[in-house]
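Inspection log for the structure reproduced underneath, given as C-alpha cells.
The values are calculated or read from the model by the stated rules, or taken from the named source; none is laboratory data. Note that the coordinates shown come from a computational prediction; the quantities given were computed from them, not determined experimentally. Here the Cβ positions follow ideal geometry from the backbone for every residue, glycine too, while neighbour counts run over all protein chains shown. Just the protein is used for accessible areas: all its heavy atoms, side chains included, with ligands, DNA and RNA removed. Shrake-Rupley method; radii C 1.70, N 1.55, O 1.52, S 1.80 Å.
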Amino acid sequence: MKLTYYGHSCFLLETKGYKLLFDPFISGNPLLGDTVPKIDIASIPADYILLSHGHGDHLLDVEEIVKNTGASFISNYEIITWLEGKGHQGHPMNHGGHWQFPFGTVKYVTAIHSSMLPDGSYGGNPGGFVLWNEEGCIYFAGDTALTLDMQLIPMTCPALDYAILPIGDNFTMNASDAAIAAEFVRCEKTIGCHYDTFGYIKIDKAAASKAFTDKGKQLKLPTIGETWDL
Ligand code: NI
Ligand code: MN
C-alpha cells in the first residue's frame, strides 16, 4: 500500500493496482500556493472516491476530479443519492455495513460529527472507513470526536496497520483524544490529519507528537504532497 497526502483530510491510497481518494479538498486549502506548492487537481488519479461526510472541506473538488478520472463514489446512502442526482455513480453504505470491492473490503463505521451537504441538503450520518485486503488494514476515521464505538473496530475487523485520525481539535478530537483513539482501535501507527488548515485547527505539533509518544504510540504528521510506502 502507498499513501499520498494532499492536505487537510485528503489522501490517495494505492493498493492492489487501485487508486482510492479520500475526502478531496484541495483547491480551497489556504496552505497551498504560499509556502506549499499548489497541487494540480488534474494530475490526481482516482478509481474510487471515498467521502466520510458531506462537509465542503471533504468534498469540495469532487466534480472536477470525477470529470477527469471517471471515478465512482463510496459514501453513506444520502451522499450517494445526492451525487447520483448530479449524474455521478456510487455505492451507498451505512454504519456497520461491509462491502467487498475489487480492491478489498470496506466497513463503514461510526463517527461523532455532523454531515450537511454544501447546498444545505441532508448529508446523512457521518462515518469513517475501515478498509482491508491482503496488503493491510487501514482505518480512515473522517471527522469525529473520540468515541467508545472505536473499541468495536478491533473486535470486528482485522488488526489495523494504520489509523488516519483527525487531530486538529475544535471540530474534531485533538491529539490527546486521538492518542486514546489509537488505544481504542489498538493501532501502533497513526497518521494525523485535519490540522493547521484553518485558524480554528492550528496545532502545536510537538505537543501532538508527545501525546502519542507518552502512550508508546507513533504519530506521523505528513507533509502536503508527500508519498510514502505503508
Ligand atoms: Ni466535517
Ligand atoms: Mn472537516
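Just to check, using Stokes-Einstein with a Kirkwood Rh over alpha carbon pairs, what's the diffusion coefficient of segment 111-177 at 10 °C and 1.306 mPa s in µm²/s? Please list the in-between numbers first.
On the way: Rh = 13.0 Å.
Answer, rounded: 122 µm²/s.
Going down the table (Lys2/Lys220; Lys189/Lys215; Lys189/Lys220; Lys16/Lys38; Lys2/Lys189; Lys19/Lys217), which pairs top 18 Å between alpha carbons?
Details: Lys2/Lys220 15 Å; Lys189/Lys215 12 Å; Lys189/Lys220 8 Å; Lys16/Lys38 28 Å; Lys2/Lys189 15 Å; Lys19/Lys217 28 Å.
The answer is Lys16/Lys38; Lys19/Lys217.
Based on DSSP H segments of at least four residues, each scored -39500 (n - 2.57), the chain has a per-residue ellipticity at 222 nm of -5000 deg cm²/dmol. Database remark: amide H of Gly90 closer than 5 angstrom to the amide H of Phe73 (H placed geometrically; neighbours at sequence offset of 5 or more, or on other chains; Pro and chain starts carry no H).
Could you tell me what % of all Cα pairs in segment 80-154 have separations over 22 Å?
Values: 804 of 2775 pairs.
For segment 80-154, the share of Cα pairs beyond 22 Å comes to 29 percent.
Excluding same-chain residues fewer than 8 positions from Lys205, which aspartates and glutamates have a Cα within less than 16 Å of its Cα? Lys205 reaches Asp169, Asp177, Asp196, Asp214.
What residues have an amide H closer than 5 Å to that of Asn174, excluding those fewer than 5 places away on the same chain, when H is modeled at 1.01 Å from N in the peptide plane? Those lying under 5 Å, H to H, from Asn174 are Asp169.
Cα convex hull of the chain: mean projected area in nm², to one decimal?
Details: hull surface 44.7 nm².
If I average the Cα hull's projected area over directions, I get 11.2 nm².
Of interest is the spacing of the C-alpha centroids, which for segment 1-20 and segment 182-226 amounts to 18 Å. Solvent-accessible area assigned to carbon and sulfur over segment 74-117 amounts to 55 percent, based on a 1.4 Å probe. Residues whose amide H lies under 5 Å from that of Ile191, counting only those 5 or more places away or on a different chain, are Ala163, Ile164, Leu165, Lys220; hydrogens are built 1.01 Å from N in the peptide plane. The charge dipole of the chain, taken about its Cα centre with unit charges on the Cβ atoms of Lys, Arg (+1), Asp and Glu (-1) only, comes to about 340 debye.
Across the chain, the longest run free of exposed loop sites, meaning trypsin sites (Lys or Arg not before Pro) lying outside DSSP classes H, G, I, E and B with no more than 16 other Cβ atoms within 10 Å, spans 87-185.
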